[in-house]
Amino acid sequence: MKVLYFAWLKAKTGIGEEDIAPPDGTATVGQLVEFLKARSPGHAAAFETMSAVRVAVNQDFGNLDTPVKVGDEVAFFPPVTGG
Amino acid sequence: MTIRVQREDFDPGAELARFSSGKTNVGGICLFVGLVRDYMGHDPASGAQVNGMTLEHYPGMTERQLEAIEAEARKRWPLDDALVIHRYGRLEPGERIVLVAASSAHRDAAFEACRFLIDWLKTKAPFWKVEHTPQGDAWVDAKESDDAAASRWDQAKA
């Protein structure tokens, strides 16, 4: 599974992109976040306030209940501020 | 219908000339250009100085979202054509960030679709701004006013 981080989530994790193999039974974004939080103090900091985090699964907006599976591209980022 | 996500600047006059070229069935074009402000927030008097900003985006998803926003505009209004150009990378105060344009047989659809495109883009296209200030870098927070502007169109649809 490819996980991407943007804006301050990238700054906090110190990573733009990582390939990860979440444990069996990881079926939703919420479960993936629990796994990612434990990877480093930076990850824990990035996911500390989930109300400030948005997610996209395979480049479509999702939420904590969105299903994830092997091979998906999952991106975490703050609310968008373009335009 | 054209979407461009690019680092380099664009020339609004040249874009308008190209966009309007050969359109004999179009009564009006509405075109919006967004610029980089040199202060934070809404109020120039109290806003801290901004020396520039850097826009980051999510390549792939950005184009996909902009295409979806344009498709939605075309569903809602009888548009002849639409154009969206959005820049990324380092930008200085006064520089152009974004251009949206809509053309239609009549002006109402062009005005409304142009406004819709920029309102939805601001809350749905994956761009993030970090402002460079004398006190350091600061990620821009999403604005409630932008959410309100975008949700206005949700109600309009209902």
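The values are calculated or read from the model by the stated rules, or taken from the named source; none is laboratory data. What you see is a predicted model, and the numbers here were worked out from it, not measured in a lab. Reconstructed Cβ throughout: ideal geometry from the backbone, glycine too, with neighbour counts over all protein chains shown. The accessibility values were calculated without ligands, DNA or RNA, using every heavy atom of the protein model including side chains. Shrake-Rupley method; radii C 1.70, N 1.55, O 1.52, S 1.80 Å.
Averaging Cα coordinates gives a centre for the range A:21-69 and one for the range B:17-44; these two points are 38 Å apart.
Please give the charge dipole size of chain A, origin at the Cα centre, charges +1 on K and R Cβ atoms and -1 on D and E Cβ atoms. Round to the nearest 20 debye. Walk me through the intermediate numbers first.
Details: 7 positive and 10 negative charges, 51 e Å.
For chain A, the charge dipole is close to 240 debye.
Value of Rg to Rh for the protein assembly as shown, rounded to two decimals, is 1.00; Kirkwood radius and Rg both from alpha-carbon coordinates. The helix-only estimate of mean residue ellipticity at 222 nm for chain B, built from DSSP H runs of length n ≥ 4 each weighted as -39500 (n - 2.57), is -11500 deg cm²/dmol after division by the residue total. Rg over Rh for chain A works out to 0.92, both radii taken from alpha-carbon positions and Rh defined as the Kirkwood radius. The Cα center of the range B:48-73 and the Cα center of the range B:81-123 differ in position by 11 Å. In summary, the lysines within cross-link reach of B:Lys23, defined as a Cα separation below 23 angstrom excluding same-chain residues under 8 places away, comprise B:Lys75. Comparing A:Leu4, A:Pro23, A:Val53 along the charge dipole axis of chain A, the residue lying farthest to the positive side is A:Val53, per the Cβ-charge model. Between B:Ala102, B:Ala48, B:Ala125, the Gaussian network model of chain B with springs among Cα atoms under 10 angstrom shows the greatest mean-square fluctuation at B:Ala48. Residues whose amide H comes within less than 5 Å of that of B:Arg90, counting only those at least five positions distant or on another chain, are B:Leu55 (H built at 1.01 Å from N in the peptide plane).
Considering the convex hull of the alpha carbon atoms of the range B:33-75, report its projected area averaged over all viewing directions, in nm², one decimal.
Values: hull surface 18.1 nm².
With the hull built on Cα positions only, its mean projection is 4.5 nm².
Straight-line reach from A:Lys69: which lysines have a Cα under 29 Å away, not including same-chain ones fewer than 8 places off? Counting by Cα, and skipping residues close in sequence, A:Lys69 has these lysines nearby: A:Lys2, A:Lys10, A:Lys12, A:Lys37, B:Lys124.
Accessible area ranking (1.4 Å probe, heavy atoms, ligands and nucleic acids excluded), largest first, for B:His106, B:His132, A:His43: B:His106, B:His132, A:His43. Residues considered: B:Gln49, B:Gln65, B:Gln135. Largest GNM mean-square fluctuation over chain B, using C-alpha springs under 10 Å, is found at B:Gln135.
Using the charge dipole of chain B (Lys, Arg: +1 at Cβ; Asp, Glu: -1 at Cβ; taken about the Cα centre), state which of B:Trp120, B:Thr54, B:Gly41 has its Cα farthest towards the positive end. About the Cα centre, the residue reaching furthest to the positive side is B:Trp120. Hydrodynamic radius of chain B by the Kirkwood approach over all distinct alpha-carbon pairs: 16.5 Å. The phi-based Karplus calculation (6.51 cos²θ - 1.76 cosθ + 1.60; θ = phi - 60°) puts the 3J(HN,Hα) values of the range B:5-11 at 10, 8, 7, 6, 5, 10, 10 Hz, whole numbers, x for Gly and Pro. Computed about its Cα centre, the charge dipole of the protein assembly as shown is approximately 320 debye, with only Lys, Arg, Asp and Glu carrying charge at their Cβ. Ligands, DNA and RNA left out, the 1.4 Å accessible surface of the protein assembly as shown is 50% carbon and sulfur atoms.
Rank these by accessible area, largest first, 1.4 Å probe: A:Thr81, B:Thr24.
On the way: A:Thr81 10, B:Thr24 135 Å².
The ranking, largest first, comes out as B:Thr24, A:Thr81.
Evaluate the charge dipole of the range B:2-151 about its Cα centre and quote only its size in Debye, nearest 20, assuming +1 on the Cβ of each Lys and Arg and -1 on the Cβ of each Asp and Glu.
On the way: 18 positive and 24 negative charges, 86 e Å.
Here the range B:2-151 has a charge dipole of around 420 debye.
The average projected area of the range B:83-158, computed from the convex hull of its Cα atoms over all directions, is 6.4 nm².
Suppose R0 equals 30 Å; then what is the FRET efficiency for B:Arg107 and B:Phe10 from their Cβ-Cβ distance, rounded to the nearest 0.05? According to the calculation, E is roughly 0.80. Placing a pseudo-label 7 Å from each Cα along the Cα-to-Cβ vector at B:Asp38 and A:Ala21 gives an inter-label distance of 5.6 nm.
Among beta bridges identified by DSSP and lying wholly in chain A, the antiparallel ones come to about 75 percent.
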